[in-house]
Amino acid sequence: MRIINESLCDSNISVIIGKDALAELEELKDKKVALFYSQKIDPSKVKSHLKNFIEVPIIDGEEAKDIHYALKLAKILFENGFDRGDYVIALGGGTVTDVVGFVASIYMRGINLINIPTTLLGMVDASIGGKTGVNFENVKNVLGTFYQPSMIISDLLFLDTLPFEEIKKGLAEVIKYGLVLDKELYDFLAMNKEKIFSKDEEALEEIIYKSTLDKLSVVKADERETKGIRIVLNFGHTIGHAIEAGSNFSVPHGYAISVGMVCEAKMAEEVGYAEEGVVEDVTWILSQYELPLTVDALNAKIDLEKAMSAITKDKKVRGGIVMMPFPTRIGDWKKVDVPIETLKGFAEQCLR
Ligand SMILES: NC(=O)c1ccc[n+]([C@@H]2O[C@H](COP(=O)([O-])OP(=O)(O)OC[C@H]3O[C@@H](n4cnc5c(N)ncnc54)[C@H](O)[C@@H]3O)[C@@H](O)[C@H]2O)c1
Ligand SMILES: O=C(O)C(=O)C[C@@H](O)[C@H](O)[C@H](O)COP(=O)(O)O
Ligand SMILES: [Zn+2]
């Protein structure tokens, strides 16, 4: 079991990673808790650690990331008399932690939040760092907040039931850290595919631990994405989010950003920021993990107009310029200001 304690601005955060990490919930025994959980998850192992709680099964997937659905969940807190001293638990994949985190952040301007991710993607990325949100007008995460959970419990037991395809989607975000932040992680991924694919506990714990440390160190330096540092976590996401929007969210996030990373790495190379060989390294590691490299591999129809429109709404756009995190060499990156029209030109080539 690994435990990380971090302070970010005014929040103290504990991350517990490993089998039986759920035991840490004991400290909630005397608290009032709202347990929001994906209806596809069995919540019994979480419930056994709680005494005074309500349980709310919810839908998951992009459909759940909707403002009207978020308001329904807020109403449940209101009607059950929750106050700011009480706790909300988000138990599920990234879509659940995004929408429930959003609700926790706006309810009475913030109620205590604990994330219990149940997908690999949730454990390595979505449950960490405080970005919450819902989609709006066919664009990802347009309505959202920065709101830190006090505790993140990544219990490997949930991965036992997680389908192989979902493991792969989570690995896309792990590969992201390797490519732009952490050469050691890239090397670990390069050497441990068999173990990771067979859900070897030690290997999974290692990649979740390394990803958590990588993400927290970036978030600590730039919690609200105002300093041009946190944008690195968005590598592959400008084009990735465009793919999601262009497919009416039928392409899952992990696959969309896999293709997005290939496109954005190619762009970095063409404009002269990526060293020779970086694109090959990006495509090699993604293909090792059987992730899609091109839009064709996604087997989805992408509406170019919708995709291009999503690009203009990217949160890294300022006055016609997009701040792009470009890989320079494995484990390193640079912020490059790209005119939006230039980006759209590249994106169109990549998405056709
Ligand atoms: N806030 C952030 O920093 C952040 C970071 C990365 C991604 N995200 C968001 O996260 C979302 C993607 O998250 P996701 O990939 O976890 O998707 P998801 O929540 O839709 O879960 C994927 C699938 O796995 C199923 N599932 C969940 N846990 C399971 C388990 N233990 N066993 C079996 N099945 C299980 C779900 O029912 C669902 O069908 C996207 O909306 C993305 O934008 C947010
Ligand atoms: O935490 C971050 O910062 C990220 O960018 C992590 C991403 O993996 C994640 O998909 C995030 O939700 C994207 O946020 P957005 O600001 O581009 O909507
Ligand atoms: Zn992401």
For this session: Kindly list, by first and then second residue, each pair from a residue in segment 92-113 that is in a loop (DSSP other than H, G, I, E, B) to a residue that is among the β-branched types (Val, Ile, Thr) and within 15 Å of ligand 3 (Cβ to nearest atom), limited to pairs with Cβ atoms under 9 Å and residues at least 6 apart or on different chains.
Result: GLY93/THR119
Exercise. Restricting segment 223-246 to residues that are away from ligand 3 (no atom under 12 Å from the Cβ) and charged (D, E, K, R), which is farthest from the chain's Cα centre (by Cα)?
Worked result: LYS227
Exercise. Across segment 172-203, which residue is farthest from ligand 1 (Cβ to nearest atom) among those that are within 21 Å of PHE326 (Cα to Cα) and of a type in the set (Lys, Arg)?
Worked result: LYS183
For this session: Please specify each residue of segment 18-59 satisfying the condition of being of a type in the set (Ser, Thr, Tyr) and surrounded by fewer than 18 Cβ atoms within 10 Å (Cβ to Cβ).
Result: SER44, SER48
Exercise. Does ASN141 satisfy the condition of being surrounded by fewer than 24 Cβ atoms within 10 Å (Cβ to Cβ), within 16 Å of ligand 3 (Cβ to nearest atom) and more than 16 Å from GLN288 (Cα to Cα)?
Worked result: yes
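Let's see how each residue does on (1) free of Cβ contacts under 8 Å to residues at least 12 places away in the same chain; (2) touching a strand residue (DSSP E or B) at 6+ places or on another chain (Cβ under 7 Å); (3) surrounded by fewer than 19 Cβ atoms within 10 Å (Cβ to Cβ):
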{"site": "ILE153", "(1), (2), (3)": "no, yes, no"}
{"site": "LEU157", "(1), (2), (3)": "no, no, yes"}
{"site": "ASP160", "(1), (2), (3)": "no, no, yes"}
{"site": "PRO163", "(1), (2), (3)": "yes, no, yes"}
{"site": "ASP200", "(1), (2), (3)": "yes, no, yes"}
For this session: Test ILE229 against the stated conditions and say whether it is in the same structural domain as LYS315 (by TED's automatic domain parsing), under 23 Å from GLN148 (Cα atoms), of a type in the set (A, V, I, L, M) and within 16 Å of ligand 1 (Cβ to nearest atom).
Result: yes
For this session: Mind checking which helices (runs of 4 or more DSSP H) fall wholly inside segment 199-276 and carry at least 2 residues that are more than 21 Å from ASN141 (Cα to Cα) and among the polar types (S, T, N, Q)?
Result: 201-221
Exercise. Within segment 187-197, is even one residue small (Gly, Ala, Ser), farther than 21 Å from ILE231 by Cβ and surrounded by fewer than 23 Cβ atoms within 10 Å (Cβ to Cβ)?
Worked result: yes
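The values are calculated or read from the model by the stated rules, or taken from the named source; none is laboratory data. All figures in this text were calculated on a predicted structure; none of them were measured in a lab. Using ideal geometry, Cβ is built from the backbone for each residue, glycine included, and neighbour counts are taken over all protein chains shown.
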